[in-house]
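Everything below concerns the one structure shown next.
The numbers here are math on the coordinates, done by the rules we state, and not lab data. Model, not experiment: these values are computed from the prediction. Please note: Cβ atoms are built from the backbone with ideal geometry, for glycine as well, and neighbour counts cover all protein chains shown.
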Amino acid sequence: MFPAFVENPENCNFEGQDPNEKIILLLRAHPITNIPWIVTSIILFILPFLTPRIMPLLGFNLSLIPQTFLLIFLIIDYLLVLIIVYEGFLYWYFNVILITNEKIVDINFQYLLYKAIDLAPLDRIEEADSVTAGIIGTIFNFGRVSIQTAGAQVAITMKDVPRPSKVADLILDLAKVPHQHQDFKGGV
């Protein structure tokens, strides 16, 4: 439904795309990285149902609190859940990396009204490294890809991308940079 690794995406374009420029790869953070905000929102959603059962065990009588206050706390709780889900999904969905036949476009969505776009022309790329770390990263095959460019250009770091070694290899192939490790052939 919302993939994190899309080769040759259809009906996809971006602001500033040249007429002959083709998107080869669209990347988002691996979906497993959404677990923290999803778990937090589930706990906050369930909290009002558990509170009446837990408070008497702690020696606190909820009947002493006016119903209006309880209703206000319930509304605040569910608004907080809505904000966490909305912000978490938007941050994941709109933080994308596009690899085209001409450049790498890193679109960073920070807040509702703020985005930063970093561009790295393929002919300026000198090096692409990938790192997969930890048990979760190894099991689900996601990690970091760092791109070094020539001159004073901004270096791009792609965090939590699926198949990082394949992404780094593709970038080096497109940039026609000699590979440091020739043993990698294809994807996982």
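Details
- Environment charge at residue 13 (Cβ cut-off 15 Å; Lys +1, Arg +1, Asp -1, Glu -1): -3
- Set of lysines near residue 115 by C-alpha distance (under 25 Å), chain-local residues within fewer than 8 positions excluded: 22, 103, 159
- What the phi angles of the stretch 45-53 give under the Karplus curve with 6.51, -1.76 and 1.60, with θ = phi - 60°, is a coupling list of 5, 7, 3, x, 6, 8, 4, x, 8 Hz, glycine and proline written as x.
- Within the chain, the longest run free of trypsin sites (Lys or Arg not before Pro) that sit in a DSSP loop with at most 13 other Cβ atoms within 10 Å is 23-175.
- Charge dipole of the chain about the Cα centre (unit charges at C-beta), most positive-ward option of 167, 147, 35: 35
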